[in-house]
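What follows draws every value from the coordinates through simple rules; no lab data is involved. Being a predicted model, the structure only gives us computed values, none of them experimental. Using ideal geometry, Cβ is built from the backbone for each residue, glycine included, and neighbour counts are taken over all protein chains shown.
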Amino acid sequence: MIEDIGSIANGVSYLTPRMDFFSNAYIALRQKEGRILNDDEVAKLPIASQANPNKKEWGMREQSSSRFLKYLNGIDKPITILDIGCGNGWFSNAMASVSSKNRVVGLDINVSELEQATRVFKKDNLDFVYANLFELNDEFDSQFDLIVLNASIQYFKDLIGLMKLISRFLKPQGEIHILDSPFYPASDIEAAKNRSLQYYKNMGFPEMGDHYYHHSIESIKDFEILYRPKRKLASLLHRRKDSPFLWVRYQTS
Ligand SMILES: C[S@@+](CC[C@H](N)C(=O)[O-])C[C@H]1O[C@@H](n2cnc3c(N)ncnc32)[C@H](O)[C@@H]1O
């Protein structure tokens with residue numbers, strides 16, 4: 001069981017050795033983007049204050065998260081959930097709040113937000129862990145009913161390889177869900193890559209271009225689509241803007 005392994009520092013359990021090769025640049029960029037929030041702000045997410053520069057985006061995330069939480073609510077047995085790339089933990093906490101009988105593990109490699117998550121969200125059925133997934137032994141094998149990647153798949157280079165790896169963490173009839181992440185038609189990937197590289201360069205963090213990946217719609221062909229964003233015109237007719245991203249599910253047999 002994961003609670004039996006690794007050391008604990010500032011509330012975070014370390015399942016693999018700490019490496020900061022990615023997180024220093026990532027946090028500095030997110031700070032510049034206004035995405036690193038104080039503890040009070042994090043506690044209220046996905047509701048963002050008027051002053052939050054990403055308020056509109058959080059409005060959309062409110063909708064995608066509430067759709068997902070409704071789905072979780074409909075599962076009529078206690079389940080274990082792994083939230084990969086949990087960041088400041090707001091979504092892990094929201095999932096843990098659905099039922100105290102569920103168990104949620106938020107996993108990330110950025111220590112400052114993991115520590116914030118443990119400070120802000122304290123629940124008996126919620127843990128935050130630091131782990132490089134690719135360095136785990138068998139600690140997570142067959143442990144989870146459901147794995148979520150919420151706005152994090154774009155930081156993993158090899159989506160197919162990742163799916164193969166994390167499928168091992170699932171119990172029989174387990175599910176992997178991906179939400180709030182962009183997927184592109186193959187013909188659009190090159191242009192999207194160039195836009196990202198230019199964006200990171202303009203922001204002063206060109207090295208982040210080495211950590212952000214663009215996945216094709218083809219790469220999720222084995223997933224079932226649970227939410228498809230409305231076309232531009234239809235979404236213009238709706239007062240509240242909804243997520244522009246697919247929500248997809250992969251189920252093991
Ligand atoms: C955009 S944030 C999303 C945070 C949160 N899931 C949310 O929905 O707001 C992406 C997160 O993925 C994490 N991440 C990137 N690469 C990772 C990796 N190899 N293993 C675990 N987490 C990773 C980042 O540190 C970051 O916290």
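A few notes on this one:
- Residues of type aspartates and glutamates that Lys221 reaches as a straight line, Cα spacing below 16 Å, ignoring anything fewer than 8 places off in the same chain: Asp158, Glu175
- Normalised by the number of residues in the chain, the mean separation of alpha-carbon contacts (under 8 Å, six or more apart) gives a relative contact order of 20 percent.
- The antiparallel fraction among DSSP beta bridges confined to the chain stands at about 30%.
- Full extension of the chain between Asp138 and Glu207 yields a length gain of 21.6 nm, computed as 0.36 nm times the residue separation minus the alpha carbon distance.
- Cut-off 20 Å, label 7 Å out along Cα→Cβ of Asp188, residues of the range 55-86 by amide N: 57-58, 60-61, 64
- Rough spin-label spacing in nm, given labels placed 7 Å along Cα→Cβ, for Asn38 and Ala9: 2.7 nm
- Candidate lysines for bridging to Lys101, where Cα separation is under 18 Å - those fewer than 8 sequence places away on the same chain excluded: Lys70, Lys77, Lys122, Lys123, Lys171
- Mean residue ellipticity, 222 nm, helices only, the chain: the sum of -39500 (n - 2.57) across DSSP H runs of n ≥ 4, divided by residue count and rounded to 500, is -10000 deg cm²/dmol.
- Estimated inter-spin distance, Asn24 and Thr252, nm [label 7 Å along Cα→Cβ]: 3.7 nm
- In a simple Cβ point-charge model (Lys, Arg +1; Asp, Glu -1; nothing else charged), the range 2-251 has a dipole of about 1300 debye relative to its Cα centre.
- Stretching the chain fully between Asp124 and Gln63 yields a gain of 19.3 nm (0.36 nm per residue, less the alpha carbon separation).
- Each label point was placed 7 Å from the Cα along the Cα-to-Cβ direction; for Lys230 and Asn54 their separation is 2.4 nm.
- Three semi-axes describe the equivalent ellipsoid of the chain; taken as square roots of 5 times the Cα gyration tensor eigenvalues and ordered largest first, they are 26, 22, 20 Å.
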